[in-house]
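Asks: My questions will all concern the structure given below.
The values are calculated or read from the model by the stated rules, or taken from the named source; none is laboratory data. Keep in mind the model is a prediction, meaning the values are calculated, not measured. When we count neighbours, we look across all protein chains shown, and the Cβ atoms used for this are built from the backbone with ideal geometry, even at glycine. SASA here: full protein model, heavy atoms, side chains in, ligands and nucleic acids out. Shrake-Rupley method; radii C 1.70, N 1.55, O 1.52, S 1.80 Å.
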Amino acid sequence: MPTDMPTLEPTVLPTKEPSQTPTKFPTLKPVIVPTPMPTCPPQNGDFNLCVSIDMSASVCGGGNCAFCGTCNSFGINTQRCCNNFDNVIEFSKALVRQLGDLKTQQDFSLVHFATSATIASTLQNANQAIKTLHQVVYTGGSTNLYEGIKLCQQTLDSSAEGRKNLLLVITDGIPTMPQVNPVSEARAAASAAKNKGTFVIPIFIEPTGEDDPAVQLMKEISSDGEVFVTDFKSIINLKDTLFEQVICHT
């Protein structure tokens, strides 16, 4: 049988339609959520902070140095006397530690007050200030907020030029010393500090909240009218808030 003849149908030519061009719509980029900005403008100023701590009898429920053996709370040595005072010291240490990590230059001083006030340390770096706080011994006594503010400002008077001074007051009650006009004297000491450019920040420890009459005095003492009201158990939770309050005013 003869070989099959080749087909007469022409070979199919390639299509003349061009390949599809890439889409003109760009690939969607991932959504980038910006980091939340601080609630205050960025600051780059060096600063000093004096912490003035109330160690009057009300802090440990009426105890004073003579009774530290009996007012001692479980797990707290007689130097701290009670959980309330221990919480105040630990809060202060945590705040100083956090502020000390800033890249700006900063120093800290410490004053504690009861019937009278004492300068526990003049301006020093964060590590030294934390050691000083660790060594503070509770005394008990009355509430001499006047001297607590006055001596704190005294430590800031030796500040290096160009630094912003801040004064943090931690108290739990209305002033009772000096014996004559203790409230007016405390208000005057705060005014004198503010007139020197010091920014005053009060923390008022009061479990019943802002209805306490002493809160109004704290608002008058405050440089911006703001008072941070808390209780002894919750004061450590103010650390980040106070950190921002400090850096916003340096």
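Asks: Report whether or not Arg187 is at pLDDT below 95, surrounded by 15 or more Cβ atoms within 10 Å (Cβ to Cβ) and of a type in the set (Lys, Arg).
Replies: It is false that Arg187 is at pLDDT below 95, surrounded by 15 or more Cβ atoms within 10 Å (Cβ to Cβ) and of a type in the set (Lys, Arg).
Asks: Filter the range 152-164 down to the residues that are open to solvent by 20 Å² or more (accessible area, probe 1.4 Å) and either part of a helix (DSSP H, G or I) or in contact (Cβ under 8 Å) with a residue 12 or more places away in the chain (or both) and list them by number.
Replies: Gln154, Asp157, Ser158, Ser159, Ala160, Gly162, Arg163, Lys164
Asks: Restricting attention to the range 96-140, report how many residues are among the acidic types (Asp, Glu) and touching a residue at least 40 places away in the same chain (Cβ under 8 Å).
Replies: Qualifying residue count, the range 96-140: 1.
Asks: Would you call Gly173 within 20 Å of Thr118 (Cβ to Cβ) and either assigned to a loop (DSSP other than H, G, I, E, B) or acidic (Asp, Glu) (or both)?
Replies: Here the answer is yes, as Gly173 does meet what is asked.
Asks: Could we say that Ile149 is in contact with a helix residue (DSSP H, G or I) (Cβ under 9 Å, 6 or more places away or on another chain), open to solvent by less than 20 Å² (accessible area, probe 1.4 Å) and assigned to a helix (DSSP H, G or I) here?
Replies: So Ile149 fits the description; yes.
Asks: For residues in the range 133-146 being in contact with a strand residue (DSSP E or B) (Cβ under 7 Å, 6 or more places away or on another chain) and hydrophobic (A, V, I, L, M, F, W, C), which is surrounded by the most Cβ atoms within 10 Å (Cβ to Cβ)?
Replies: Residue satisfying both the conditions and the ranking: Leu145.
To keep it simple, each residue is scored yes or no on (1) assigned to a loop (DSSP other than H, G, I, E, B); (2) modelled with pLDDT under 50; (3) within 18 Å of Ala114 (Cβ to Cβ); (4) of a type in the set (S, T, N, Q).
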residue	(1), (2), (3), (4)
Ile32	yes, yes, no, no
Pro36	yes, yes, no, no
Gly45	yes, no, no, no
Val59	no, no, yes, no
Gly75	yes, no, no, no
Asn87	no, no, yes, yes
Glu90	no, no, no, no
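Asks: Considering only the range 116-127, I want to know if a residue exists there that is touching an Asp or Glu at 6+ places or on another chain (Cβ under 7 Å), within 22 Å of Asp240 (Cα to Cα) and either at pLDDT below 95 or in a loop (DSSP other than H, G, I, E, B) (or both).
Replies: yes
Asks: Report whether or not Lys93 is open to solvent by 60 Å² or more (accessible area, probe 1.4 Å) and without any contact (Cβ under 8 Å) to a residue 60 or more places away in the chain.
Replies: Answer is no for this residue.
Asks: For Glu147, are the conditions met, namely being among the acidic types (Asp, Glu) and either touching a Leu at 6+ places or on another chain (Cβ under 9 Å) or under 27 Å from Gly45 (Cβ atoms) (or both)?
Replies: When the stated conditions are applied, Glu147 does not pass them.
Asks: It is to be established whether one or more residues within the range 221-229 are open to solvent by 20 Å² or more (accessible area, probe 1.4 Å) and over 26 Å from Leu133 (Cα atoms).
Replies: yes
Asks: Identify, please: which residue in the range 165-184 is touching a residue at least 24 places away in the same chain (Cβ under 8 Å) and open to solvent by 60 Å² or more (accessible area, probe 1.4 Å) and is, among those, nearest to the chain's Cα centre (by Cα)?
Replies: Checking each candidate, the answer is Ile174.
Asks: Right, next: Could you run through the range 113-132 and say how many residues are surrounded by 23 or more Cβ atoms within 10 Å (Cβ to Cβ) and within 20 Å of the chain's Cα centre (by Cα)?
Replies: Here the count works out to 1.
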